[in-house]
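**Q** Here it is, the structure in full.
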Amino acid sequence: MSILKVARMGHPVLRARAKSVDPAEIASPRIQTLIDSMFETMQEYQGVGLAAPQVHESVRLFVAGFPPRRGEAAKEADDEERVPLMVLINPEIKVVGNATADDWEGCLSIPDVRGRVTRPVEIDVRAYDRRGRRIDIHAKGFTARVIQHETDHLNGVLFLDRMKSLETLTFLEEYSRYWNSRDVPEE
Ligand code: ZN
């Protein structure tokens, strides 16, 4: 396990379409170590999600989730903001319903920048978990947003591409000063 270098915007790996993981390879040390290191990297940088292309591995998998932080776990019982720890491999998203929401996003590959992105509120996701089992997830709210942001990374798409207007593109310092005192984690 190790903390990996995060690719920043401009690196071609962030614009490539990542390759599917052969389900037979999921149990391999290469993929298992990659997953462990991605969790470690995400936690080191206090992200809420991290896709493999962001650590220079062009394969279709990502990790996500907010580990409960000490002392904060009890008071932060806001389910809307909670993202369970997950590893999704070869994820396929199906949008449920027509509802969309506009909210702030940040990205570990575009550090210290925030912007508002409109995304579907509710999704169904089909994927493999880290043991190579087929899983079906239903997600909404912030969790659905994170899954969509990470899946976009597997297709070479960054959140900036999803912004309807760049007017809300904001440096972190100005974000906390003029827009919102509560930070949105990068992903
Ligand atoms: Zn990102």
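The values are calculated or read from the model by the stated rules, or taken from the named source; none is laboratory data. Model, not experiment: these values are computed from the prediction. Positions of Cβ are backbone-derived with ideal geometry, glycine not excepted, and every protein chain shown enters the neighbour counts. Protein only, heavy atoms only, side chains kept; ligands, DNA and RNA dropped before computing areas. Shrake-Rupley method; radii C 1.70, N 1.55, O 1.52, S 1.80 Å.
**Q** Kindly write out, for region 106-122 in residue order, the coupling ³J(HN,Hα) from the Karplus curve 6.51 cos²θ - 1.76 cosθ + 1.60 (θ = phi - 60°), rounded to whole Hz, with x marking Gly and Pro.
**A** Karplus values, whole Hz, x for Gly and Pro: x, 9, 4, 8, 10, x, 6, 10, 10, x, 8, 10, 8, 9, x, 7, 10.
**Q** How far apart, in nanometres, would the label points at Ser2 and Arg162 be if each is projected 7 angstrom from Cα along the Cα-to-Cβ direction?
**A** Modelled inter-label distance: 3.1 nm.
**Q** Let me ask something else. Pop out the carbon and sulfur fraction of the accessible area of the chain as a percent, whole number, probe 1.4 Å.
**A** Exposed carbon and sulfur together represent 49 percent of the surface.
**Q** Measure nothing but the geometry: give the 0 to 90° angle between the long axis through the Cα atoms of 141-154 and the longest principal axis through the Cα atoms of the chain, rounded to 10°.
**A** Orientation of helix 141-154: about 60 degrees from the principal axis.
**Q** Still on this structure, please answer the following. Determine, from the Cβ-Cβ distance of Glu25 and Glu173 and an R0 of 45 Å, the FRET efficiency 1/(1 + (r/R0)^6), rounded to the nearest 0.05.
**A** Here the calculated transfer efficiency is 0.60.
**Q** Could I ask something else about it? Counting pairs of alpha carbon atoms under 8 Å apart in space and at least six apart in sequence, what relative contact order in percent does region 12-179 give? Mind dumping the intermediate values first?
**A** Numbers: 299 pairs, mean separation 42.8, N = 168.
Worked out over region 12-179, it gives 25 percent.
**Q** Something else: If I fit a long axis through the Cα atoms of helix 29-44 and take the longest principal axis of the Cα atoms of the chain, what angle between them do I get, 0 to 90°, rounded to 10?
**A** 20 degrees
**Q** So, in nm, how far is label Asp129 from label His11 when the simple model puts each one 7 Å beyond its Cα toward the Cβ?
**A** Spacing of the two 7 Å Cα→Cβ label points: 3.0 nm.
**Q** Write down, largest first, the equivalent ellipsoid semi-axes of the chain in whole Å, where each equals the square root of 5 times an eigenvalue of the alpha-carbon gyration tensor.
**A** With the √(5λ) rule applied to the chain, the semi-axes are 25, 18, 18 Å.
**Q** For every helix of n ≥ 4 consecutive DSSP H residues, a contribution of -39,500 (n - 2.57) applies; sum these over the chain, divide by its total residues, and give [θ] at 222 nm rounded to the nearest 500 deg cm²/dmol.
**A** Numbers: 3 runs with 34 residues, N = 187.
Rounded to the nearest 500, the figure is -5500 deg cm²/dmol.
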